[in-house]
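Peer 1: One structure is given below, represented as structure tokens, and several questions about it will come after.
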Amino acid sequence: MQRHLEDLIPLSRRALASALSPGRTTSRALLAVDATAGNGHDTLFLAERVGEGGRVWAFDVQRAALDAAQSRIAEAGFSCRVCFVLAGHESAGDVLPKDAAGKIRAATFNLGFLPGSDRRIVTGAGTTLAALNALAALLAQHGILSVHSYSGHAGGEDEAAKVARWFRALPWDGWRVAEYSFCNKNRNREILFLAEKIS
Ligand code: SAH
């Protein structure tokens, strides 16, 4: 039987896809950021959606993860749409070209560790918040910022709390922010934050 309540990943993807639908913008190239590329599943999703002439910047601090992401993108034939960045997402403000400012339609973060890889390599509150500040400034009007946080690993709870505080402090006159979670999921709690920049 098909379930009726949407899971957090498809919910996030629906918002990202909507922000990247060609009718939503007059600018020619659709621009997006995958702040935590991992094995490249979200990178591929964004690369499909930005279309021909669009661009995705995909960040990760692990070379093996970026290599896997790069193969996935090459296999799909989207290599010319993706710029892989072997650096922390907190450097987004320096890495993205100046003319991308105010034009990023979608940015996504999948926090925590990459399943199947070194679990000690995790996103951290300090760098995550620095990246959120950088990307919030780069986002286009009606751009979507999506952050999926996990609390099950060491440091996860603290990071999720700080991320929640950051989103809740965004001003109502500039942003609409929604926070989704399954309130009866007691192990490895997950929260999806979706924010739309409205001005
Ligand atoms: N927990 C998620 C997967 C998280 S993947 C799930 O269950 O699906 C998180 C990715 O972020 C990892 O590949 C990790 O290498 C990367 N990462 C950690 N710190 C980072 C940083 N500062 N900048 C960019 N990527 C980072």
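Peer 1: Leaving out ligands, DNA and RNA but keeping every protein chain, what accessible area does residue 91 have, in Å² rounded to the nearest 10, with a 1.4 Å probe?
Peer 2: 30 Å²
Peer 1: Give me the accessible area of residue 41, 1.4 Å probe, in Å² rounded to the nearest 10.
Peer 2: Spelled out: residue 41, probe radius 1.4 Å, area about 110 Å².
Peer 1: Further question on the same structure: When each pair of different Cα atoms in region 127-194 is counted once in the 1/r mean, what is the Kirkwood radius in angstroms, to one decimal?
Peer 2: Numbers: mean 1/r = 0.0784 Å⁻¹.
It is 12.8 Å.
Peer 1: Follow-up. Can you put 42, 94 in order of accessible area, largest first, using a 1.4 Å probe?
Peer 2: Descending accessible area places them as 94, 42.
Peer 1: Then there's this: Say a site is exposed when it is one of the GluC sites (Glu not before Pro), sits in a DSSP loop, and has at most 14 other Cβ atoms within 10 Å; what is then the longest site-free stretch of the chain?
Peer 2: The longest uninterrupted stretch comes out as 53-199.
Peer 1: Averaged over every viewing direction, what's the projected area of the C-alpha convex hull for the chain? Give it in nm², one decimal, please.
Peer 2: Orientation-averaged projected area of the Cα hull: 11.7 nm².
Peer 1: What is the set of long-range amide H partners of residue 85 at a cut-off below 5 Å, with H atoms built 1.01 Å from backbone N?
Peer 2: 58, 59, 60
Peer 1: Could you give log10 I(q)/I(0) at q = 0.14, 0.23, 0.24, 0.27 Å⁻¹ for region 14-53, computed by the Debye formula over C-alpha point scatterers of equal weight, without solvent?
Peer 2: Evaluating at q = 0.14, 0.23, 0.24, 0.27 Å⁻¹ gives log10 I(q)/I(0) of -0.29, -0.74, -0.79, -0.96.
Peer 1: Something else: Step through the residues of region 2-17 one at a time and calculate ³J(HN,Hα) from phi using the Karplus curve (6.51 cos²θ - 1.76 cosθ + 1.60, θ = phi - 60°), rounding each to whole Hz and writing x for Gly and Pro.
Peer 2: 6, 7, 9, 8, 6, 6, 5, 5, x, 5, 4, 5, 5, 5, 5, 5
Peer 1: Sorted by accessible area with a 1.4 angstrom probe, largest first, how do 20, 129 fall?
Peer 2: 129, 20
Peer 1: Take the solvent-accessible surface of the protein heavy atoms, probe 1.4 Å, and return the percent of it on region 1-160 that carbon and sulfur atoms account for.
Peer 2: 53 percent
Peer 1: Another one. When the convex hull of the C-alpha atoms of region 1-119 is computed, what volume per residue in Å³ does it have?
Peer 2: 131 Å³
Peer 1: Suppose we keep just the alpha-carbon trace of region 86-139; what are its Rg and Dmax in angstrom?
Peer 2: 12.3, 37
The values are calculated or read from the model by the stated rules, or taken from the named source; none is laboratory data. Predicted model, so just to flag it, every value in this text is computed and none were measured. Virtual Cβ from ideal backbone geometry, glycine too; neighbours counted across all protein chains shown. Note: areas computed on protein heavy atoms with side chains; ligands, DNA, RNA excluded. Shrake-Rupley method; radii C 1.70, N 1.55, O 1.52, S 1.80 Å.
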